Every structure is written in structure tokens, then in C-alpha cells.
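Note sheet for the following structure.
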Amino acid sequence: MAPTEIIVRRVPTPREFWIGLGRAFAGALIFAVPVLMTMEAWALGFHLHPLRLALFLAVTLPMLVLLHKYGGFRQTVALRDRIADAFVAILVA
């Protein structure tokens with residue numbers, strides 16, 4: 001019989017979370033500043049219907065949860081943690 005493997009769940013320190021959050025803000029700035037300087041982004045934001053924006057957020061959240069499986073702020077196992085990190089990513093954006 002093979003020995004059983006024990007999965008140890010490592011809880012990240014608050015310092016690691018803040019470092020990851022800082023990296024997220026830096027990445028958001030790198031991609032957002034050029035987009036904010038285009039007239040098309042401003043026009044899209046002013047003229048897009050609020051229900052379409054809500055639908056966009058509703059589609060984005062499950063996509064972020066799935067993407068977090070391969071890369072994210074921290075390594076997690078629980079779905080609850082992935083959902084929380086997806087909300088953090090939406091708030092950073």
C-alpha cells in the first residue's frame with residue numbers, strides 16, 4: 001500500500017497579501033492608464049447600458065474564479081478563497 005499524502009494548507013501572511021495587492025494595482029495601472037487616455041473607452045463607458053455592464057460583471061466573476069486556479073494573488077485550494085480573490089481582483093480593476 002502506498003503511504004497516504006497529507007495536504008498541508010499554508011495560510012499566507014498579511015504581508016504576502018499586501019505584496020500581491022500592490023502588484024495587482026501596479027499591473028492595473030500599466031494596462032489602465034493607456035486605455036483611459038482613449039476617447040473610445042470614455043464613450044463606451046458613457047453610452048453602454050447599465051444592464052450590459054451588470055451582465056459583463058456577472059460573466060467576469062466566474063471567469064476570474066476559473067483563472068485563479070492557474071494564477072492569482074496566492075495559492076489556494078478552497079473555492080471560497082478563489083471567490084474572495086476574484087472579488088479582490090474586481091475591486092482592484
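Yes or no: THR60 at pLDDT 85 or above and of a type in the set (S, T, N, Q)? Even if it seems obvious, please write down each step before you answer.
Numbers: at pLDDT 85 or above: yes; of a type in the set (S, T, N, Q): yes.
So THR60 fits the description; yes.
Could you go through the range 65-73 and let me know if any residue there is assigned to a helix (DSSP H, G or I), closer than 14 Å to ALA89 by Cα, modelled with pLDDT of 85 or more and among the β-branched types (Val, Ile, Thr). Yes: the range 65-73 contains one or more residues that are assigned to a helix (DSSP H, G or I), closer than 14 Å to ALA89 by Cα, modelled with pLDDT of 85 or more and among the β-branched types (Val, Ile, Thr). The residues of the range 44-93 that are among the hydroxyl-bearing types (Ser, Thr, Tyr) and loosely packed, with under 14 Cβ neighbours inside 10 Å amount to a single one, TYR70.
Taking the condition in contact with a Lys or Arg (Cβ under 9 Å, 6 or more places away or on another chain) and assigned to a helix (DSSP H, G or I), does LEU91 pass?
no
The values are calculated or read from the model by the stated rules, or taken from the named source; none is laboratory data. From a predicted model like this one, the values you see are computed outputs, not experimental measurements. Note that we place each Cβ from the backbone using ideal geometry, even for glycine, and neighbour counts take in every protein chain shown.
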